[in-house]
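Peer 1: Below you will find the structure I want to go over with you.
The values are calculated or read from the model by the stated rules, or taken from the named source; none is laboratory data. A quick note: this is a predicted structure, and the numbers were derived from the prediction, not measured. Cβ placement follows ideal geometry from the backbone for every residue including glycine, while neighbour counts extend to all protein chains displayed. Keep in mind that these areas ignore ligands, DNA and RNA; they rest on the heavy atoms of the full protein, side chains included. Shrake-Rupley method; radii C 1.70, N 1.55, O 1.52, S 1.80 Å.
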Amino acid sequence: MLSVLRVHLPSDIPIVGCELTPYVLLRRPDKDVTTDDVPESAPLDGHFLRYRIQSDKKVAICSVHPSEQATLQCLGCVKAKIPVSKSYHCSPKCFSDAWQHHRVLHDRAASAVNENGNEEEEVFGRFNSSGSGVLNTSLSGSVSSTSLTNGSAPLYPAAVTQRSGGETWFEVGRSKTYTPTADDIGHVLKFECVVVDAESKVPVGHVNTILTSRVIPAPSPSPRRLVPVNGVDVMGHLDSDGRISSSGTFTVLSYNILSDVYATSESYSYCPSWALSWPYRRQNLLREIVGYRADIVCLQEVQSDHFEEFFAPELDKHGYQALYKRKTNEVYNGNTQTIDGCATFFRRDRFSHVKKYEVEFNKAAQSLTDAMIPSNQKKSALNRLVKDNVALIVVLEAKFSNQGADNPGKRQLLCVANTHVNVHQDLKDVKLWQVHTLLKGLEKIAASADIPMLVCGDFNSVPGSAPHTLLAMGKVDPLHPDLQVDPLNILRPLSKLIHQLPLVSAYSSFARLGVGLGMEQQRRRMDSTTNEPLFTNCTRDFIGTLDYIFYTADSLTVESLLELLDEESLRKDTALPSPEWSSDHIALLAEFRCKPRIRR
């Protein structure tokens, strides 16, 4: 027979808006152990699982019919300080039928308080001659009208169960998954799971019960301002969605959201387990990303299943079209659904999709070893070079224009590269080779079209490192210490480590420009030696800048930047991630304006 071996929740602290789904371990009739659900619609060997979620909300119980939930209250009892439990009734008829007995309570309370009738007048003055009391019917508008909207099961009447010791539980759901609402704040939830006979609908065996901690409201990230870098107000206005809009400008967000498979308590022991759980983090991340209202969104470490099941459909509701490139899986040996990748989203009302290029560094590694490495060293070379990393390059066409009347009808194209160079710090040659490979691909696109470019992502490279230097300066000094690590000679000759794209880091604008309000605060969050933020990644063991938005300075100008965070504010929670910020990286966002086109 079907039996439940174990039931537990991924987090015992429920958060408003974050769905709770218990982990249920079952033994099937054939003795196999599984976590697959057995719903009533598909019973197994004549049995299925039934779920019930209850809350310890203060549910009023009828004083006459204790099995019924109260829908009204006698205010006379409240004023006379009669025990409140005696003031509740389940219906007007219940109250009317009980009135003769109930009025005795009022009489006793009134005579005990005041002999001259004044108090009695105050208590009974609003009772009419028919014998019905003043009723407070607000109960029926609050407690009893709680709708059971969680789950796909049909709505059930609210069920109240009296428990030993005076505990009262109020049913809030009858499906496996429950999403706490604001009404649940401060209350404990009880999850019940029991095997039920499909024919008789009678529970069989033990009822498995889990109690949660009290439901808490969802913390939300503090708002981050968009800071103009030219010392004046942002050229534009907030549109009806609260988004910056002005002709010819657009915003780009880059954010490593921390894949769920990496968000472990071992790695981030300082973060509460509930704040590390994916149901919580995904809602917090979505709220943050949507709140920035960027025209283009570049995300890294997006798991394949999370892209398909969550980010693509959720951001679609906000007007975004989605593109995705999953990392390759030659090294990764886990569930292919949990492999992460790069996701690029753009607003359909601002851009249209022209072309998509996918860069697989594994393929480039194979070509490199075939061309350069002796056959007896190919295997060890590939072991060093193959890291499953990818880049997603998207060409978009703007649906807005700043070309003016002298140049009407010209297409405004934009090339956006999104990558995550996830390579171990010791493999400096591999990291630099991957960045160089990406830049060579972008140069080919630039040669075929006069097109502004953005290069966004987590490069796992601090300012001043060889990859950062190549991106920002277009070349690397042959004496750079990173170049000493090159066992395969893949960086030789060093003279090839160049590119012709006029790339500039967007956030360097904070260091180079502006004297306006708030600029001084932002400058203090910059490293004056590198002109980059002091950090974009902040954990207990590391703090530094790994993420960048580079742009081609001959075709784009930076109008404004999302303000940086200060370390002190993050250290109150030890580091990132935290209940407030759900990744170990911070989001970067820049507003750009297209320059008048001058062919390179």
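Peer 1: Need the full-extension length gain, S267 to K356, defined as separation in residues times 0.36 nm minus the C-alpha distance. One decimal, nm. Intermediate results must be reported in sequence, preceding the final value.
Peer 2: Details: separation 89, 0.36 × 89 = 32.04 nm, distance 3.48 nm.
Result: 28.6 nm gained on full extension.
Peer 1: Note the full-extension length gain between S222 and Q484 as 0.36 nm times their separation in residues minus their Cα-Cα distance, in nm to one decimal. Kindly include the intermediate steps, with their values, before the conclusion.
Peer 2: Values: separation 262, 0.36 × 262 = 94.32 nm, distance 4.32 nm.
So the chain would gain 90.0 nm between S222 and Q484.
Peer 1: Only residues of the stretch 457-478 count here: report those whose backbone N is under 14 Å from the spot 7 Å along Cα→Cβ of E443, or say none.
Peer 2: Only 470-476 fall inside the zone, counting backbone N under 14 Å.
Peer 1: Using θ = phi - 60° and the Karplus form 6.51 cos²θ - 1.76 cosθ + 1.60, what ³J(HN,Hα) does each residue of the stretch 103-109 get, whole Hz, x for Gly and Pro?
Peer 2: Result, rounded to whole Hz: 5, 4, 4, 5, 4, 5, 5.
Peer 1: When the Karplus curve 6.51 cos²θ - 1.76 cosθ + 1.60 is applied with θ = phi - 60°, which whole-Hz ³J(HN,Hα) does each residue of the stretch 221-228 get, with x for Gly and Pro?
Peer 2: x, 5, x, 10, 7, 8, 9, x
Peer 1: Apply the Karplus curve 6.51 cos²θ - 1.76 cosθ + 1.60, θ = phi - 60°, to the phi angles in the stretch 465-474 and return the couplings in whole Hz, x for Gly and Pro.
Peer 2: Ordered by residue, 3J(HN,Hα) equals 5, 4, x, 5, 4, 4, 4, 7, 10, x Hz.
Peer 1: Give the long-range amide H neighbours of F351: residues separated by 5 or more places, or on another chain, with amide H under 5 Å away, using H modelled in the peptide plane at 1.01 Å from N.
Peer 2: Those qualifying (amide H under 5 Å, at least 5 residues apart or on another chain) are K399.
Peer 1: Moving on to the next point. Compute the signed sum of charges (Lys and Arg +1, Asp and Glu -1) over the other residues within less than 9 Å, Cβ to Cβ, of F351. List each step's numbers first, then the result.
Peer 2: On the way: positive: R347, R348, R350, K399; negative: D295, D349, E397.
Taking every Cβ under 9 Å from that of F351, the sum is +1.
Peer 1: Keeping all protein chains in place, calculate the accessible area per residue for the stretch 72-112 (probe 1.4 angstrom), answer in Å².
Peer 2: Working: 2220 Å² over 41 residues.
It amounts to 54 Å² per residue over the stretch 72-112.
Peer 1: Amide H neighbours of G173 under 5 Å, counting only residues 5+ apart in sequence or on other chains, H built in-plane at 1.01 Å?
Peer 2: Residues meeting the amide H criterion: I53.
Peer 1: How charged is the neighbourhood of R571? Take every other residue with its Cβ under 15 Å from the Cβ of R571, and add Lys/Arg as +1 and Asp/Glu as -1. If you can, show how the numbers build up before the last one.
Peer 2: Numbers: positive: R525, R540, K572; negative: D541, D566, E567, E568, D573, E580, D584.
Computed value for this residue: -4.
Peer 1: Under 5 Å between amide hydrogens, which residues at least 5 positions from I61 or on another chain qualify, with H placed 1.01 Å from N in the peptide plane?
Peer 2: A70
Peer 1: Further question: For the stretch 72-112, which whole percent of the accessible surface, found with a 1.4 angstrom probe, sits on carbon and sulfur atoms?
Peer 2: On the way: 1300 of 2220 Å².
So the carbon and sulfur contribution to the accessible surface is 59 percent.
Peer 1: Report the label-to-label distance for V202 and V104 in nanometres (one decimal), using points 7 Å from each Cα along the Cα→Cβ vector.
Peer 2: With each label placed 7 Å out from Cα toward Cβ, I get 4.2 nm.
Peer 1: I would also like to ask the following. Within the set of other residues whose C-beta is less than 12 Å from the C-beta of P203, count the net charge using Lys and Arg as +1 and Asp and Glu as -1.
Peer 2: Details: positive: R50, R52, K201; negative: E192, D197.
Here the charged neighbours net out to +1.
Peer 1: So, one more: How large is Rg/Rh for the stretch 72-112, to two decimals, with Cα atoms and a Kirkwood Rh?
Peer 2: Numbers: Rg = 9.7 Å, Rh = 10.2 Å.
We get a ratio of 0.95 for the stretch 72-112.
Peer 1: In whole angstrom, how far apart do the alpha carbon centroids of the stretch 426-443 and the stretch 514-587 sit?
Peer 2: 24 Å
Peer 1: Calculate the FRET efficiency for S85 and D566 from the Cβ-Cβ distance with a Förster distance of 56 Å, rounded to the nearest 0.05. Please report the intermediate quantities before stating the final value.
Peer 2: Working: r = 53 Å, r/R0 = 0.95.
Once rounded, the FRET efficiency stands at 0.60.
Peer 1: Give me the percent relative contact order of the stretch 72-112, please, defined on Cα pairs under 8 angstrom at least 6 residues apart. Walk me through the intermediate numbers first.
Peer 2: Working: 27 pairs, mean separation 17.5, N = 41.
So the answer I get is 43 percent.
Peer 1: Obtain the nm distance between the two label points defined at N383 and T34 by a simple spin-label model: each point lies 7 Å from its Cα along the Cα-to-C-beta direction.
Peer 2: 4.1 nm
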